[in-house]
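A.B. asks: Once you've had a glance at the structure underneath, I'll fire off some questions.
The values are calculated or read from the model by the stated rules, or taken from the named source; none is laboratory data. If you're wondering where the values come from, they're calculated on a predicted model, not measured in any experiment. Cβ atoms come from the backbone with ideal geometry, glycine included; neighbour counts cover every protein chain shown. Note: accessible area is taken over every heavy atom of the protein model, side chains too, but ligands, DNA and RNA are not part of it. Shrake-Rupley method; radii C 1.70, N 1.55, O 1.52, S 1.80 Å.
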Amino acid sequence: GFFLKAASEKGWDVLGFEPGLPAFEFSTKHLGLNVVKDFFNEETYDKYGKFDVVHLNNVLEHLLNPIEILKLAHKILLPNGIICITSPNDFNPLQLMAVDYLKKEPWWVVPRHHINYFNSSSLKVVLERTQFKFLYETTSFPLEFFMFMGDDYINNPKVGSKIHSKRVNLEKSFSNANNTELKRKIYDKFCNLEIGREITVFYRKK
């Protein structure tokens, strides 16, 4: 709901889909947002009109058929509409290095929760297959760096919370210094190296 709230405060007309009751109630009752308690699927996708932007944040990895959802998103986008997708950047070089060098099990493979695994290349394949054209991609901070610096956060919530705070402080520093453009350039370089914990892509409807 917080993403929709930020968009609404910037003047966008927003609509969210949320099948989970707690998140739905929080988004509607506490944030006052226009959110539908339902799944986005073949039965519901065309009930609410057309949109300029579709935003899928950590969604595709949970779906049985992500390509079908992308096809539905394509249908509800206006001409030249944009789709933005964020997904875990799995099997990235730092993860594979941790498995090889630190003898870690592939901790990011969680089949009860994640059915699909993506990186920049695989997202490109499915998006081009569903008639989208590439615009821009970036990534988030490579959390695996902390592991190689001695902060082993795997299966340790206290360490995980600690490194999360460090990452937040880093990103706030760029913002407070009015230099988010430098942060963007750094993260774009990470993306070029195929590292970063999450990947975010922007594509336009063909």
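A.B. asks: Determine if the stretch 125-136 includes at least one residue that is in a helix (DSSP H, G or I), open to solvent by 60 Å² or more (accessible area, probe 1.4 Å) and in contact (Cβ under 8 Å) with a residue 24 or more places away in the chain.
C.D. replies: Yes - at least one qualifying residue is present in the stretch 125-136.
A.B. asks: Another question about this same structure. Restricting attention to the stretch 146-158, which residues are crowded, with 16+ Cβ neighbours inside 10 Å and either among the basic types (Lys, Arg) or in a helix (DSSP H, G or I) (or both)?
C.D. replies: Within the stretch 146-158, Phe146, Met147 qualify.
A.B. asks: Regarding Ile76, is this residue touching a residue at least 12 places away in the same chain (Cβ under 8 Å), open to solvent by less than 20 Å² (accessible area, probe 1.4 Å) and over 30 Å from Phe145 (Cα atoms)?
C.D. replies: Details: touching a residue at least 12 places away in the same chain (Cβ under 8 Å): yes; open to solvent by less than 20 Å² (accessible area, probe 1.4 Å): yes; over 30 Å from Phe145 (Cα atoms): yes.
In short, yes.
A.B. asks: Does any residue of the stretch 80-96 turn out to be surrounded by 12 or more Cβ atoms within 10 Å (Cβ to Cβ), at pLDDT below 95, aliphatic (A, V, I, L, M) and out of contact with any Phe, Trp or Tyr (no Cβ under 9 Å at 6 or more places or on another chain)?
C.D. replies: No, the stretch 80-96 contains no residue that is surrounded by 12 or more Cβ atoms within 10 Å (Cβ to Cβ), at pLDDT below 95, aliphatic (A, V, I, L, M) and out of contact with any Phe, Trp or Tyr (no Cβ under 9 Å at 6 or more places or on another chain).
Residue-wise test of (1) modelled with pLDDT of 95 or more; (2) within 18 Å of the chain's Cα centre (by Cα); (3) farther than 26 Å from Leu78 by Cα.
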| site | (1), (2), (3) |
| --- | --- |
| Phe132 | yes, yes, no |
| Phe148 | yes, no, yes |
| Asp151 | yes, no, yes |
| Ile154 | no, no, yes |
| Asn169 | yes, no, yes |
| Ser173 | yes, no, yes |
| Arg184 | yes, yes, yes |
| Cys191 | yes, yes, yes |
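Each row is one residue, and each column tells you yes or no for (1) closer than 25 Å to Val53 by Cα; (2) open to solvent by 30 Å² or more (accessible area, probe 1.4 Å).
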{"site": "Leu102", "(1), (2)": "no, yes"}
{"site": "His114", "(1), (2)": "yes, yes"}
{"site": "Glu144", "(1), (2)": "no, no"}
{"site": "Lys162", "(1), (2)": "no, yes"}
{"site": "Asn169", "(1), (2)": "no, yes"}
{"site": "Thr180", "(1), (2)": "yes, yes"}
{"site": "Tyr203", "(1), (2)": "yes, no"}
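A.B. asks: Further question on the same structure: Name the residues in the stretch 22-37 that are open to solvent by 50 Å² or more (accessible area, probe 1.4 Å) and assigned to a helix (DSSP H, G or I), would you?
C.D. replies: First, the residues of the stretch 22-37 that are open to solvent by 50 Å² or more (accessible area, probe 1.4 Å): 22, 25-26, 29-30, 32, 34, 37.
Of everything in the stretch 22-37, those that are open to solvent by 50 Å² or more (accessible area, probe 1.4 Å) and assigned to a helix (DSSP H, G or I) turn out to be Pro22, Glu25, Phe26, Lys29, His30.
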